1. Residue under question is A:A368, and the condition is that it be in contact with a strand residue (DSSP E or B) (Cβ under 8 Å, 6 or more places away or on another chain) and either at pLDDT 95 or above or more than 10 Å from chain B (Cβ to nearest Cβ) (or both); does it hold?
2. For B:T183, which of the numbered conditions (1) within 11 Å of chain A (Cβ to nearest Cβ); (2) surrounded by fewer than 21 Cβ atoms within 10 Å (Cβ to Cβ); (3) out of contact with any Gly (no Cβ under 9 Å at 6 or more places or on another chain) fails to hold?
3. Would you say A:R362 is part of a loop (DSSP other than H, G, I, E, B) and crowded, with 19+ Cβ neighbours inside 10 Å?
4. Could you list, in sequence order, all residues of the stretch A:4-27 that are surrounded by fewer than 23 Cβ atoms within 10 Å (Cβ to Cβ), within 12 Å of another protein chain (Cβ to nearest Cβ) and touching a residue at least 24 places away in the same chain (Cβ under 8 Å)?
5. Every residue in the stretch A:235-247 that is of a type outside the set (G, A, S) and out of contact with any Asp or Glu (no Cβ under 8 Å at 6 or more places or on another chain), please.
6. Kindly evaluate A:L229 against the criterion of being over 20 Å from the mean Cα position of the chain (by Cα), crowded, with 21+ Cβ neighbours inside 10 Å, away from chain B (no Cβ under 12 Å) and touching a residue at least 60 places away in the same chain (Cβ under 8 Å).
7. Out of the residues in the stretch B:332-351 that are more than 21 Å from B:R414 (Cβ to Cβ) and assigned to a loop (DSSP other than H, G, I, E, B), state the one that is farthest from the other protein chains (Cβ to nearest Cβ).
8. Report whether or not B:L141 is in contact with a strand residue (DSSP E or B) (Cβ under 8 Å, 6 or more places away or on another chain), under 27 Å from A:P24 (Cα atoms) and buried (at least 17 other Cβ atoms within 10 Å of the Cβ).
2 protein chains.
Amino acid sequence: MEKVSGPILLAAGSQVPRNYPANPHPFRGTSHFIYFAGDAIEGAALLLVDGKATLFAAPPDRDDALWHGPRPTLDELAALRGADAARPLAELPAVLAPLRARLATLPPQDAATAAWVTELAGREVRAGSGSALTREQDAALADAVIALRLRHDEPAIAQLRAAARVSTAAHVAGMRATKAAKTEWEVLSAMLAVLRAHGMDDAYGPIVSVRGEILHNGRHDGELQPGELLLCDVGGESPEGWASDITRTWPTSGTFSASQRAIYDVVLAANQAAIARVRKGTRYRDVHETAKRVLCDGLVQLGIFKGTVDGLLERGAAALFFPHGVGHLLGLDVHDMEDLGDRAGYAPGRARSERFGDRYLRLDRDLAAGMAVTIEPGFYQVPGILEDESLTGPLGADLDRGVLAKYADVRGIRIEDDVLCTEGDPEVMTAACPKLAVDVEAAIKG
Amino acid sequence: MEKVSGPILLAAGSQVPRNYPANPHPFRGTSHFIYFAGDAIEGAALLLVDGKATLFAAPPDRDDALWHGPRPTLDELAALRGADAARPLAELPAVLAPLRARLATLPPQDAATAAWVTELAGREVRAGSGSALTREQDAALADAVIALRLRHDEPAIAQLRAAARVSTAAHVAGMRATKAAKTEWEVLSAMLAVLRAHGMDDAYGPIVSVRGEILHNGRHDGELQPGELLLCDVGGESPEGWASDITRTWPTSGTFSASQRAIYDVVLAANQAAIARVRKGTRYRDVHETAKRVLCDGLVQLGIFKGTVDGLLERGAAALFFPHGVGHLLGLDVHDMEDLGDRAGYAPGRARSERFGDRYLRLDRDLAAGMAVTIEPGFYQVPGILEDESLTGPLGADLDRGVLAKYADVRGIRIEDDVLCTEGDPEVMTAACPKLAVDVEAAIKG
């Protein structure tokens, strides 16, 4: 409230229909509301004004007992959520009317709530438009919220650790399920079962794929053949809304081939080197550069690249096999605060690179204690990249396709951890998830 | 096309954001599009005009290879989906412009698609507004679609059977998981694992609850205590989009108490009697009445009610313990075509009763071969109902609360099957799911 010189409204969001209005997707409130209210309350809003926090929510009614179960009274709700008061939702328009001119708000994700906020605020607030805030008040609110949410406090860290712990168990269950599984679905099913048994939803659409080179592959109907690598990017969200994000890549047969093992160890080295750089004061773009450098160096060792690492990096070598960023913020959102575009991920005055590969980097801030980030280098053989002369041309014969052909059984590998920046050494919240090739093989064998 | 004297546009729908735009809910296309196109194609539309079906979809582009994997060409898509042609999405506005005046369409569920259709059609088409069609052309299209979708053809029936089969296996897995489970989440997790292993999503928000009397209880964090009943309403949706909807209720300890068993058998009798009435020509409201009558009769046998069944039913006795309808249409939607309100569920000239209990009946058509319905009577002790003098008053002393008190360990029981109306006997697609009390107990013991 100090940083925003006016009233603040944060809407919780509402359910969105799946195939008809009475059959909605599972409700997931807006993260900004959850951050302040501690829980998503469907259809509710939080009003911060004159140093007071007031929750506006639908009071319990008699139909609740039949359809939804008893709900707390408004006074109970205020006490539960640490608000100064809770008032019936119906009073909100009248309370807001005199405050509209200076009102700051952040766009909700669903259209129904956006329409409601539009009416309340007396100006258009489009769903999902947080990356293009045009009003000064809203921008000030976004910056104030980012300042709070960038560095996690102890209760938030406890949530992130819990999500990481359960997601780690899910990956181990997935490894164990692989030997008997015939399809990607079966492995994913074993992983989701662990999340659900702990009351966790997926924090994002899971990837469980033998086609690891397709970066956003949302299909899970592939059959597992011996000799393939299975890339699993699966993370849970704690019941309170905090995310984990883990990728492991393992051999369907339980043992890496020599070629798979060689590339795996290069990616692992990049992962470990990048993690070691998660220290306060380090610029995150430099962590990305470290991953690229170690990856490139490893590929030189294998003979896939020829020449000096500096020269190779200058010519875009790393992006040929590692076209995405090394990671992103992690918090209530798996890409934390990405509803605000790059405002959260990029420090003021910094912007995305236009270079292929680097332009997908979602974070470029100086790290600070309390920030949680992912570290997720990868190696992918994407035909669309390796056949693109505009990308491979600068490498010329320094990309040795003859040597590369020996690694044809490596479609895609990614190794991703959740890392907390501290006052000292980085805390790898996902450290218990098997990562060394021998540990992964042991986990698959059970 | 014969029944709608003009061009028809059906939009497939698009992803909706979960907590930020790049992290959407799993995409679920609109059922009307899936029905005709055989699959949901994100952002696509189907245009039916002059006896031809044309798909409009985004052509594959080079980014697909990196992010989403290869997609079929438009010609391949047309062949796959049985369309006469497929054209780039960008051509749709120009193709539609001269057709707008007579265009018929059905409202999509998501706001982004609704805004797009609004622009294409040159008139407002609100998301999720299918229950309030105001244009004659749209109403004619809705009626034509309902006429097709009410009676399932053999491929659709095969889908429903597959969804029922896997959902049955999920319930058996849930029963088996109960003995070791400490929470509702763990049982649900075991059930969802079976669905996911077969590539099935939930067709609707699952209910797994020891508080069975809360009809739409979406929480799963309850602890399982010995002596309780666990009500599980969980159904899968086939990868092609067809739903199952099964409820079973079982004892957490593996054995029904005598009081639980007595009420269970009353609900089971109502379930069986109602199923036996799923025959072509029967009015579905009469199936509902049969369930009420058998339930009421059973409660008279137990001494909870006194007097004649006719007299009790007249005074609203059944709704005191069974306040919802006996079932609904089943198809691509778990409440099939409920996006069109009661237009699909209620025959022309029929409307919902205003009576408590009966007013929640979602279906009142004469059954016909090929129609799939659920049969789901229940018994619930809802404090909000049993303490409501306006509902219990007419029963007076004929509701024996002294006898009822003996059944205090029964909060809620529902037994729900998926039933296909045929030319002869009803086909219970969920017949393999344990239902007799002894079979349920045996399944829990494994």
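1. Judged against the criteria, A:A368 is not a match.
2. Tallying (1) within 11 Å of chain A (Cβ to nearest Cβ); (2) surrounded by fewer than 21 Cβ atoms within 10 Å (Cβ to Cβ); (3) out of contact with any Gly (no Cβ under 9 Å at 6 or more places or on another chain), B:T183 fails exactly one: (3).
3. Against the criterion (part of a loop (DSSP other than H, G, I, E, B) and crowded, with 19+ Cβ neighbours inside 10 Å), A:R362 qualifies.
4. Of everything in the stretch A:4-27, those that are surrounded by fewer than 23 Cβ atoms within 10 Å (Cβ to Cβ), within 12 Å of another protein chain (Cβ to nearest Cβ) and touching a residue at least 24 places away in the same chain (Cβ under 8 Å) turn out to be A:S14, A:Q15, A:P26.
5. Scanning the stretch A:235-247 gives a single hit, A:W242.
6. yes
7. The extreme case among them is B:G349.
8. Answer is yes for this residue.
The values are calculated or read from the model by the stated rules, or taken from the named source; none is laboratory data. None of these values were measured; they are calculated from a predicted model. Heads up, the Cβs are rebuilt from the backbone with ideal geometry, glycines too, and the neighbour counts pull from every protein chain shown.
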